[in-house]
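Presented below is the structure to which this report refers.
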Amino acid sequence: MQISLTRPDDWHLHLRDGAMLEAVLPYAARDFGRAIVMPNLVPPVVTVADAMAYRERIQAAMPEGADFTPLMVLYLTEQTDPQDVKAGIEQGVISAVKLYPAGATTNSSSGVRNMANVMPVLEVMAEHGLPLCVHGEVTDSDIDIFDREAVFIDRVLDPLGRSLPELRVVFEHITTKQAVQYVQEASRALAATITTHHLFINRNAYLAGGIKPHYYCLPVAKREIHRRALVDAAISGDPRFFLGTDSAPHTDANKLQSCGCAGIFTSANTMACLAQLFEQEEALDKLEGFTSLHGPAFYKLPPNQSQITLQRHEAPVSFGSHIDTEEGPVTIFDPLTPIYWDVVRSD
Ligand code: DOR
Ligand code: ZN
């Protein structure tokens, strides 16, 4: 069996820089038409000039003939200049701004501590319809890590919606039924991305039967009832939910240590995994909406013109265990279930 879809987009992707960028970009560019490129480099992408320079480095690493457009994102800090954001919007350089609560995740130390200090930037964004992508976790050490997303809704996301209801917000990589429900019930322009890995794994994946660093990411995967809520949202056809893989490569050396990095590399097999999941859920007819239509609609962009074709095979497909990079091997996400699909064609 084969299915053809409008070429998908990845609304949350870490491409990194340098040798890692060279190694991972071909995987994203193979299956996706566009990606919202995360700005948490070291140092982060904080100005429009930084975003233009990063976009050039991405273009320089682009495989020949690729049909892939990086959509650039600014990393919001308490020093971000509203005029720079305005210029970036008017010049068409930036597609979103990213809010990292300071200390929430990889390279987030320059993020936001006090929302009041970024309101002038958010007001400019609201006026121009530029989406704010939000890492939705509080960082307080007294809040249990499994509760940090749900608490973020009450302490940050809901108050933000009340003070600036016109701001378009993407609640990134949601992991809880509370987040699903909050998005479903919102009356403002609020959408959510869901990752590939959070649709497959619950917290047993990294905690049961030994500690499994390759399943450690942020926000951490939660209980099975939460995974189930994410799957139901993804297959529902509700346009407020769309794919953002959060594919976040780290070398095995950086993952397999006493304080290992958060992140799962899924660019290599995301579309195959999603076809498998949607087939199992008898929802293959909803796959294109989730991967290719809902995201562009929220970002006010046309869907891609081209298509990709996925094939279902008789035997499980092997995607390999890792990719090689100049910095060392990077493990490919293992969905813990056989995958019978792969992408056979892009046109
Ligand atoms: O698991 C994650 N990895 N979550 C994030 O929010 C950041 C990302 C990274 O950059 O490695
Ligand atoms: Zn991310």
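The condition (being of a type outside the set (Gly, Ala, Ser) and touching a Pro at 6+ places or on another chain (Cβ under 6 Å)) is satisfied by just one residue among THR291, THR251, THR266: THR291. For TYR340, are the conditions met, namely being of a type in the set (Phe, Trp, Tyr), open to solvent by 10 Å² or more (accessible area, probe 1.4 Å) and more than 30 Å from HIS128 (Cα to Cα)? So TYR340 fits the description; yes. Evaluate the following for ARG148: is it open to solvent by 10 Å² or more (accessible area, probe 1.4 Å) and without any contact (Cβ under 8 Å) to a residue 60 or more places away in the chain? Judged against the criteria, ARG148 is not a match. For region 295-347, a tally of residues being farther than 19 Å from PHE278 by Cβ, in a loop (DSSP other than H, G, I, E, B) and aliphatic (A, V, I, L, M) returns 2. One residue stands out in region 118-142 among those that are part of a loop (DSSP other than H, G, I, E, B) and among the small types (Gly, Ala, Ser): the one that is farthest from GLY295 (Cα to Cα), namely SER141.
Under 14 Å from PRO8 (Cβ atoms), within 16 Å of ligand 1 (Cβ to nearest atom), in contact (Cβ under 8 Å) with a residue 60 or more places away in the chain and surrounded by 16 or more Cβ atoms within 10 Å (Cβ to Cβ), is that true of GLY263? No, not satisfied.
Among the conditions (1) within 24 Å of THR291 (Cα to Cα); (2) open to solvent by less than 30 Å² (accessible area, probe 1.4 Å), the only one that ARG240 does not satisfy is (2). Scanning region 223-257 for residues that are more than 14 Å from ligand 1 (Cβ to nearest atom), outside any helix (DSSP H, G or I) and not aromatic (Phe, Trp, Tyr) yields ARG223, ILE235, SER236, GLY237, ASP238, PRO239, ARG240, LEU243, LEU256, GLN257. Taken over region 82-140, the criterion of being within 30 Å of ASN254 (Cα to Cα), crowded, with 17+ Cβ neighbours inside 10 Å and of a type in the set (A, V, I, L, M, F, W, C) is satisfied by ALA96, VAL97, LEU99, ALA104, VAL112, LEU132, CYS133, VAL134, VAL138. The lone criterion from (1) without any contact (Cβ under 8 Å) to a residue 40 or more places away in the chain; (2) away from ligand 2 (no atom under 16 Å from the Cβ); (3) under 24 Å from VAL170 (Cβ atoms) left unmet by ALA51 is number (1). Select from region 169-179 the residues that are touching a residue at least 60 places away in the same chain (Cβ under 8 Å) and either surrounded by fewer than 20 Cβ atoms within 10 Å (Cβ to Cβ) or among the hydrophobic types (A, V, I, L, M, F, W, C) (or both) and list them in ascending order. Correct list: VAL170 only. Any chance region 81-96 includes a residue that's within 19 Å of LEU13 (Cα to Cα) and either free of Cβ contacts under 8 Å to residues at least 24 places away in the same chain or more than 16 Å from ligand 2 (Cβ to nearest atom) (or both)? Looking through region 81-96, at least one residue is within 19 Å of LEU13 (Cα to Cα) and either free of Cβ contacts under 8 Å to residues at least 24 places away in the same chain or more than 16 Å from ligand 2 (Cβ to nearest atom) (or both).
The values are calculated or read from the model by the stated rules, or taken from the named source; none is laboratory data. Since the model is a prediction, treat every value here as computed from it, not as a measurement. Positions of Cβ are generated from backbone atoms using ideal geometry, with glycine treated the same way; all protein chains shown enter the neighbour counts. Accessible surface areas use protein heavy atoms only, side chains included; no ligands, DNA or RNA. Shrake-Rupley method; radii C 1.70, N 1.55, O 1.52, S 1.80 Å.
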